[in-house]
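Quick notes on the structure that follows.
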Amino acid sequence: MASYNFASQIHLLVITIFITTLLTPITTNNTSPQPWNILSNDNFAGKLTSASSSVEAAAIDFGHVTKILPSAVLNPSSVQDITDLIKLSFDSQSSFPIAARGHGHSFRGQAAAKDGVVVNMRSMVNEDRGIKVSRTGLYADVDSAWLWIEVLNKTLELGLTPVSWTDYLYLTVGGTLSNGGISGQASRYGPQISNVLELDVITGKGEIVTCSDDTNSDLFYAALGGLGQFGIITRARIKLEIAPKRAKWLRFLYTDFSEFTRDQERLISETDGLHFLEGSVMLDHGPPDNWRSTYYPPSDHLRIVSMIKRHRVIYCLEVVKYYDETSQHSVNEEMEELRESLNYVRGFVYEKDVTYMDFLNRVRTGELKLKSKGQWDVPHPWLNLFVPKSQISRFDYGVFKGIILRNNITTGPLLVYPMNRNKWNDQMSTAIPEEDVFYAVGFLRSAEFDNWEAYDKENMEVLKFCEDAKMDVIQYLPYHASQEGWVRHFGPRWNIFLERKYRYDPKMILSPGQNIF
């Protein structure tokens, strides 16, 4: 986070106090509608429930480290149902909190609504409607409750595809667009929020607004990466392109972090280069699947393990080039040239040739394997960070080779890969570092119910190391325990965030689980 002077901080504090005072909702002891006394409202007949099974399910998310009970769950059949609910809360003297829940993949209660109403967005999904594809305009209008895998399946039927993805496709469109939506395609195409042409948003006032870069643009940019604070996204117009058929997928192993990052940074600077680039870290502890051993031929496992034990920490660079029958020969040549240009450890390169769908849906196999072993619905004390390029070597030395090795508890993928800042838009709400290149670092941990606090403690240790070293690291998919933390998170942009909150959700009805207001 860029530093700013003392006078700016005082100015920001005054505005924060003023707007926060305006935002404080009026509470009374009258009979204004509340989740527990609107169950008989005809508008929500058969849709709003306080059944313990529904409430319990809405209280838990993928993280399995929080349990936040709502009073009721709305299973809407239309956008109007959500609008009516928000309008009811907004118009009452004592409003109640409302949170949209997609596939429940948040990991710290971000989609929770304590003593309020959780909106089960997936209840609106209808396979016969919900997506309209324009082949001439190269876009798809998609209901926000759809999963990205469902969007992919529908667009591929017409030979088209979105361009920017997350590693895991079983997430809702509205969920990822409320955060950012990143993966190895982001260095070329930008995050998913940079590939949206138009939105329909229900604000905290219960107003349905269509917005884009040209129309109601402030709400458009506020909602993208806005953590659900300014409205519930109900439709998104997503950019498409002609879908490739296959993916040439290479992995290279490195022992030198400088060579590893230098190669990554060079590759993302090439304007017409790779379609996907991600890096990851392999550590000398934890079970073998900590470094996803199925990615490598069994005959090489001993060689790789030996190299990890010798160096304690090694790195993997994954790159992908898409192609079809007309470009297969040129892609083979390009990837051969790429092999020669990189500074990986010779003899440790691995190649796969898979369908486009199989590449994008690659995490699904691991998910099903974990589910079969009862290892999916476990605590996930994840930590995701954006680290400025200038600080990534210090981060490697102090965190990967320091805290993580010393504590010897981390299991699950550790991702580290660069992105270009010019692929993001500063008008959007997502906070990112100021440098032209920054790294996404993901600690995608799985824990046990009796030990997840140890991982959480390690997360705090990592964050403290970064803060003490003044590394200007910013959380992605952020969690902060206090508003002070959120002020630091957004830095100079906190004032804009506050003003937008007052403009679009003045009673602070929406997304209370983010713990911002």
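The values are calculated or read from the model by the stated rules, or taken from the named source; none is laboratory data. Quantities reported herein were computed from a predicted structural model and do not represent experimental measurements. Note that we place each Cβ from the backbone using ideal geometry, even for glycine, and neighbour counts take in every protein chain shown. Ligands, DNA and RNA are stripped out before the accessible areas are found, and what is left, the full protein with its side chains, is counted by its heavy atoms. Shrake-Rupley method; radii C 1.70, N 1.55, O 1.52, S 1.80 Å.
Just one of Ser482, Ser511 is surrounded by fewer than 18 Cβ atoms within 10 Å (Cβ to Cβ), within 22 Å of Gly63 (Cα to Cα) and of a type in the set (S, T, N, Q); which is it? Even if it seems obvious, please write down each step before you answer.
On the way: Ser511 fails: surrounded by fewer than 18 Cβ atoms within 10 Å (Cβ to Cβ).
Ser482 is the lone residue from the list that is surrounded by fewer than 18 Cβ atoms within 10 Å (Cβ to Cβ), within 22 Å of Gly63 (Cα to Cα) and of a type in the set (S, T, N, Q).
Of the numbered conditions (1) assigned by the TED database to the domain that holds Met419; (2) assigned to a helix (DSSP H, G or I), Arg493 fails exactly one; give the number of that condition.
The one condition Arg493 does not meet is (1).
So which of Asp263, Asp300 ends up being of a type in the set (Asp, Glu), at pLDDT below 95 and not in a loop (DSSP other than H, G, I, E, B)?
Asp300
Just to verify a result, which residue in region 95-119, among those that are touching a Lys or Arg at 6+ places or on another chain (Cβ under 6 Å) and under 21 Å from Ile60 (Cβ atoms), is most open to solvent (accessible area, probe 1.4 Å)? Spell out how you get there, then give the answer.
Filtering region 95-119 down to residues touching a Lys or Arg at 6+ places or on another chain (Cβ under 6 Å) leaves 95, 111, 118.
Applying the additional criterion that residues be under 21 Å from Ile60 (Cβ atoms) yields 111, 118.
Details: Ala111: 20, Val118: 2 Å².
Ranking the candidates gives Ala111 first.
Can you tell me which residue is surrounded by the most Cβ atoms within 10 Å (Cβ to Cβ) among those in region 441-471 that are among the aromatic types (Phe, Trp, Tyr) and outside any helix (DSSP H, G or I)? Give the derivation first.
Kept after step one, since they are among the aromatic types (Phe, Trp, Tyr), are these residues of region 441-471: 443, 449, 452, 455, 465.
Applying the additional criterion that residues be outside any helix (DSSP H, G or I) yields 443, 449.
On the way: Phe443: 21, Phe449: 9.
Per the stated criteria, the residue is Phe443.
State which residue is nearest to Gln185 (Cα to Cα) when the search covers only region 150-172 and only residues that are open to solvent by less than 10 Å² (accessible area, probe 1.4 Å) and hydrophobic (A, V, I, L, M, F, W, C).
Within region 150-172, the match that is nearest to Gln185 (Cα to Cα) is Trp165.
Is it fair to say Pro25 is surrounded by 11 or more Cβ atoms within 10 Å (Cβ to Cβ) and modelled with pLDDT of 95 or more? Steps first, answer last, please.
On the way: surrounded by 11 or more Cβ atoms within 10 Å (Cβ to Cβ): yes; modelled with pLDDT of 95 or more: no.
Answer is no for this residue.
Would you confirm, using the coordinates I've provided, whether Gly137 is in the same structural domain as Gly174 (by the TED database) and at pLDDT 95 or above? Quick ask: steps written out before the conclusion?
Values: in the same structural domain as Gly174 (by the TED database): yes; at pLDDT 95 or above: yes.
Taking the combined requirement at face value, the residue satisfies it.
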